[in-house]
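The block underneath contains the structure these notes are about, expressed in structure tokens.
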Amino acid sequence: MRPKLLFIEDETDLGNVVKQYLEIMGFEVTWCTNGNSAFAEFTTHKGKFDLLIIDIQLPDISGFDLAKRIQQLNQETSFLFLTARNEKQDRLLGLKIGADDYICKPFDIEEFILRIKNILRRNSQTHNALNVEDDSEDNVSIGDIILKKDLLTLTIAGRKPDSITLREAELLEYLCSHPNKILKREFILIQLWGQNDYFLGRSLDVFISRLRKLLKFSSTVSIDNVYGIGFIFTVNKNVKAGSQKISNQ
């Protein structure tokens, strides 16, 4: 399941760029350009959003006031502030209100994504600690790798789990389900994300590159290029072909 974000940002250009990048990285994003519409969205869909990203300088109400109103409805709501206001007193106020993070503009988009993932991961760990039943059907094992989509982690050859994005997890799960088979690039894009375009194609290359860097520690599986066609998820002949669903441990 894709993490759901409520993004509140009144700057159109920045909002478009951030929303598109978040969606490429596997998040489902609802974008509002003012505080009142965001509050209405939140109250209409209670419990829908995993994280709120709030600009402070909104055209109608401040992001601080919006966060306070939302917390009155649900104190467990996770949110971070994304703002140009970088004074110490603003940062302290944001954290005192209960923000999980406070990010100042301009910001590095990759660091921004990692901060979001860290918040979601902490929330997931808390969820597990409370013994809430989790869906384990998304966890996959093949060779010496274990993919846990619910936690967005990849464990290779018993090493410390590495964090991956949702899109990377979806891609790796798909590759694991088609071992030692040549897969066309356009087929992967359509099967996973519903369309084949230039930008998704470039994103696919980034995801493949990232997964390859992690899988270099595996002695049983690899992702190889098939020139002019696509990729093949190569599984060592000594490993039983096919992925195996596993339960949470």
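The values are calculated or read from the model by the stated rules, or taken from the named source; none is laboratory data. Bear in mind that the values here come from a model prediction, so they are computed numbers and not experimental data. Please note: Cβ atoms are built from the backbone with ideal geometry, for glycine as well, and neighbour counts cover all protein chains shown.
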**Report entry** Flag for K48 being within 25 Å of S163 (Cβ to Cβ) and touching a Phe, Trp or Tyr at 6+ places or on another chain (Cβ under 7 Å)
**Finding:** no
Query raised in the report: Within the range 194-221, which residues are small (G, A, S), at pLDDT 90 or above, surrounded by fewer than 17 Cβ atoms within 10 Å (Cβ to Cβ) and closer than 29 Å to S124 by Cα?
Result: S209
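Working carefully through the options R122, R167, find the one that is at pLDDT below 90, closer than 26 Å to D100 by Cβ, part of a helix (DSSP H, G or I) and in contact with a helix residue (DSSP H, G or I) (Cβ under 9 Å, 6 or more places away or on another chain). Steps first, please.
Values: R122 fails: in contact with a helix residue (DSSP H, G or I) (Cβ under 9 Å, 6 or more places away or on another chain).
Selected residue: R167, the only one of R122, R167 that is at pLDDT below 90, closer than 26 Å to D100 by Cβ, part of a helix (DSSP H, G or I) and in contact with a helix residue (DSSP H, G or I) (Cβ under 9 Å, 6 or more places away or on another chain).
Inspect all residues belonging to the range 32-54 and state whether any of them is among the acidic types (D, E), within 29 Å of E87 (Cα to Cα) and either outside the structural domain of G194 (by TED's automatic domain parsing) or modelled with pLDDT under 95 (or both).
Keep residues of the range 32-54 that are among the acidic types (D, E), which gives 41, 50.
Next cut, within 29 Å of E87 (Cα to Cα) only: 50.
If we keep only those that are either outside the structural domain of G194 (by TED's automatic domain parsing) or modelled with pLDDT under 95 (or both) too, we end up with 50.
The answer is yes, given that some residue of the range 32-54 is among the acidic types (D, E), within 29 Å of E87 (Cα to Cα) and either outside the structural domain of G194 (by TED's automatic domain parsing) or modelled with pLDDT under 95 (or both).
Please verify whether I229 is more than 25 Å from L151 (Cα to Cα) and not acidic (D, E), treating the condition exactly as stated. Before the answer, list the steps.
Numbers: more than 25 Å from L151 (Cα to Cα): yes; not acidic (D, E): yes.
Considered against the rule, which asks whether it is more than 25 Å from L151 (Cα to Cα) and not acidic (D, E), I229 comes out as yes.
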Query raised in the report: Residue check: is D65 more than 18 Å from G15 (Cα to Cα), in contact (Cβ under 8 Å) with a residue 12 or more places away in the chain, acidic (D, E) and surrounded by fewer than 16 Cβ atoms within 10 Å (Cβ to Cβ)?
Result: yes
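I'd like the full set of residues that are of a type in the set (V, I, T) and within 23 Å of P3 (Cα to Cα), limited to the range 54-83. So that I can check it myself, show each step before the final result.
Narrowing the range 54-83 to residues of a type in the set (V, I, T): 54, 56, 61, 70, 77, 83.
Result: I54, I56, I70, T77, T83.
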Report summary line: With the first residue restricted to the range 87-100 and required to be under 20 Å from R69 (Cβ atoms), and the second required to be at pLDDT below 90, Cβ contacts under 7 Å at 6 or more apart or on different chains are G98/Q71; D100/I119
